[in-house]
1. Using modelled amide H (1.01 Å from N, peptide plane; none on Pro or chain starts), what sits under 5 Å from the amide H of Gln238, excluding residues fewer than 5 places away?
2. Have a look at Pro422, Ser235, Ala109 and report the one farthest towards the positive end of the charge dipole of the chain, computed about the Cα centre with Cβ charges (Lys/Arg +1, Asp/Glu -1).
3. Could you derive backbone 3J(HN,Hα) for segment 12-24 from the dihedral phi with the Karplus parameters 6.51, -1.76 and 1.60 (θ = phi - 60°), listing whole Hz in sequence and x where the residue is Gly or Pro?
4. What percent does the relative contact order of segment 9-229 come to when contacts are Cα pairs within less than 8 Å and at least six residues apart?
5. Dividing the alpha-carbon radius of gyration of segment 328-487 by 2.2 N^0.38 Å (N being the number of residues), what value is obtained?
6. What percentages, rounded to whole numbers, describe P(r) for segment 1-67 computed over all alpha carbon pairs with 5 Å bin width beginning at zero?
7. Could you tell me the distance between the Cα centroids of segment 166-199 and segment 379-399, to the nearest Å?
8. Please sort by residue number the GluC sites (Glu not before Pro) in segment 309-418 whose DSSP state is loop and whose Cβ has at most 11 other Cβ atoms within 10 Å.
Amino acid sequence: MAKSAFPHIFVSLPATSLDAVETYISSLGASPSLGFELRLDYLGNYDQLEPELHQMLSRLHYPHTIATCRRLAAGGRFPGSANEQLDILAAASRAGCQWVDIEIESVGALRNGWIKQLASSKVIVSYHNYHTTPALGAVYRKLARLPVEVVKIASSARNLQDNLKIYKLLKAHRQRRPMLVAHAMGGSGISSRVLALRWGCPFTYASVGNHAEVAGGQLPADIMRGVYRIEHLNSHTQLFGVVGTKASMSLSPVMQNIAFQAKHINALYLPCETERLSDFLNFVQSLGFAGFSVTMPFKQAIMRKLSWVDPLAAEIGACNTVAIRRGKWMGWNTDSAAVIEVLTKRLRLEGSRILILGAGGAARAAAYALRAKNADILIAARREAVGRRLARCVGAQAIPWDSADNLDVDAVINATPVGMPPHTESSPIDLARLRARVVFDMIYYPLETRFLSDARGRGLVTISGIEMLVAQGARQFEIWTGQSAPSALMEQAVRQTINHSA
């Protein structure tokens, strides 16, 4: 009945009933590389747990399972004592779960001999720190003294450097017993989950999807396998990524990883979320990245770190693309090229009057690119002083924000965040008075902003931010690889991801 080999991924199932657990497992399907962590602390009733769990596992032909009943004191849902927790885990063990996970807090509260009650299964002892990543070597040594098969360490990543602590811990204990499973939680810790197998973890954890993650930074199993292809990573896999304060929400990993796969390139693109650019730069150098994307708020700060900058990016004063070649850091701004690409499909740019709403990084890229095409540019920004400054730099006309909707232009570009969640019912300006032929919204989530919906209702030509996202991403891909980008496939992947998460 028991299986000895580890699956690569254990999917955490926070179901409130065994019927729901069975539905989850049946929907994910049988796979030798997939196991299931049964989060029994989410159940409300344990009266018939052993016979009902045994029947369920029998029907499912005993898939790889870890029984976990995390107590409140260790970040779980189970309100009972350590002894009551042990009774539940023992019942799961007898029912046929090959593994049981018990946290170190409970071990400390139990009497000697507790492990005998779990003799039907192998034991994982776990440590969770939901606040920080401490010195992990001492934590491992403490847990490794126990008579268990696996030590699990999960800490909270406050920055990207905490991933490197996980990496060094795994490297130091790769060939030791008990085996070590370790990862960092939170948006900044995603890299440790994706790279876990490459770093020497026997397995890693994923969520079932549908926003059912049980820990911060936990990714759906289909994303771990399909987008990041964690089972296929090796020492030759080139690393790329996107840095920003909200990088864990970026759609670029889906887009770029699909492109690498389509072109049979052994590369991986990671979300690198941090509040400090220096944190990311140390992370990149430690892991040997080959290139990266830059998003808010680091597009200007990264310029000081580059060995060479494309002339247009230098003029704009912002960079969103870096390639690392023989130790030389080279920068481009692909946002500008993307603006030109999507607009020229609908408009002759030379001599056109184009209104840009906003004066941030995206607006700067659009303004400089359009000026180079001899367009007549008007800039309206809520921070009027910033708008006037940008207008002077590019030879554009600054328009008071309150007057922006009373113009006659060929196109209007929304380069502000107005219309993004949670303010999806907002629109940057009222289109009732604005006379324009083309409306371009740089926002790509939601796919149909209020601004675009109003424009479409008035019969205007509309351009979604998806087009710009893909266009700038395709140019990045070409800079990094020297190959043509599979743009249609990249756009399809982005649209499917947005539709799936809506």
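1. Distant-sequence amide H within range of Gln238: Ala267, Leu268.
2. Ser235
3. So the Karplus estimates, Gly and Pro as x, are 6, 10, x, 8, 8, 8, 5, 4, 5, 4, 5, 5, 4 Hz.
4. 16
5. My calculation over the Cα atoms of segment 328-487 gives 1.01.
6. Pair shares across the bins are 4, 17, 31, 28, 15, 5, 1.
7. With segment 166-199 and segment 379-399 each reduced to a Cα centre, they are spaced 49 Å.
8. Hits after loop and neighbour filter: Glu350.
Read-outs: derived from the displayed coordinates by stated rules, not from any lab. Bear in mind the structure is a predicted one, so any value in this text is a computation, not a measurement. Please note: Cβ atoms are built from the backbone with ideal geometry, for glycine as well, and neighbour counts cover all protein chains shown.
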